[in-house]
Amino acid sequence: MDRSFVWAHGRIVPPEKRALWASFRPYAFEVYPRELFDPKNYSPAEAAELRALAEQEERYNDLDYENSFRAFLYDGEDRRGLEERLVRINFLGRAVTVHRIIRDALLRIDNALTSESRTDAELKRFIDSLAPIGAYNWRRVRGGRSLSYHSWGLALDLQRQQRETKAVYWQWEKDRNSNWIFIPLEDRWQPPEKVIQAFEYEGFIWGGKWLFFDTMHFEYRPELHEINRLLAAREGDSRIVSPRNDAAIHHIVPQVVDVQNFWRAWF
Ligand SMILES: [Zn+2]
């Protein structure tokens, strides 16, 4: 199946919708940070930038992505078509429903973490404490109009059964704390480092590294790891050598014009 898409001011749309770009939400190609970005290091300028980004996010909440590109990538024109691509697997002892393209990656993660947990008591406790894992769920993102990655069967939420006392998800914090962006790292809940690394190794990203943190959330974004790899390969690129730039607040617009082939290498 061959289809064309065009890049229009940050939107990826079929050619016939090029003129309508402003009615869709732009894609953000952020540099996925290697390390957690620590709010206590924000300079006043960065803090202002972060607040502006938060407002922008709120504005874009009224827009949805033009979804035909993702529908093409994930081989499901609509909810029904996508649901035909789903598989049910056992992951860390819980049944999860996910897109079949991530099945093998998840089984490898399961395998790695399960064997690691035989000698790592903290990891074992974490796995044992997990609540049912939310994965496929056709839904809009909370408070917004765009489809969540859960809708594509490409995201998983790992939460413990117990109620967390630390911050988990920015949307929950936002309602009670206008300074949620600056909640210190030690006050944010996070899964064990080995869990995060196992997911990253297989092409997932962890929502805890987002400015709009969602520390229970993992989603399959191999293209972001690929962007990091490309940037790292370009020695001396100031966007990666500065620790400040190694952060989610720095959005880059890919110079890759052939976006479709760029992704296709991965799916
Ligand atoms: Zn999630």
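Charged side chains reduced to their Cβ positions (Lys and Arg at +1, Asp and Glu at -1) give segment 22-102 a dipole of some 480 debye around its Cα centre.
The modelled label-to-label distance for the pair T165/S115, using points 7 Å beyond Cα in the direction of Cβ, is 3.7 nm. The H on the amide N of F213, modeled in the peptide plane, is under 5 Å from the matching H of W170, each at least 5 residues off or on a different chain. Once the C-beta distance of H9 and R142 is scaled by a Förster radius of 35 Å, the resulting FRET efficiency is 0.85 to the nearest 0.05. Database remark: amide H of F91 closer than 5 angstrom to the amide H of V96 (H placed geometrically; neighbours at sequence offset of 5 or more, or on other chains; Pro and chain starts carry no H).
So, R0 is 41 Å and r is the distance between the beta-carbons of D78 and A47; what FRET efficiency does that work out to, to 0.05? Before the final figure, lay out the partial values.
Numbers: r = 42 Å, r/R0 = 1.01.
Calculated transfer efficiency: 0.50.
Across segment 1-103, the relative contact order, built from alpha-carbon pairs under 8 Å that are at least six residues apart, equals 20 percent. How about segment 22-59: which GluC sites (Glu not before Pro) there are in a DSSP loop, with at most 14 other Cβ atoms within 10 Å of their Cβ? Sparse-neighbourhood loop GluC sites (Glu not before Pro): E35. Each of T97, T119 was scored by other Cβ atoms within 10 Å of its Cβ. Arranged with the fewest first, they read T119, T97. Between R59 and E16, the FRET efficiency from the beta-carbon distance, with R0 = 30 Å, is close to 0.70.
Computed from the coordinates by the stated procedures, all read-outs in this text should not be read as laboratory data. Bear in mind the structure is a predicted one, so any value in this text is a computation, not a measurement. Cβ coordinates were reconstructed from backbone atoms using ideal geometry, including for glycine residues, and neighbour counts include every protein chain displayed.
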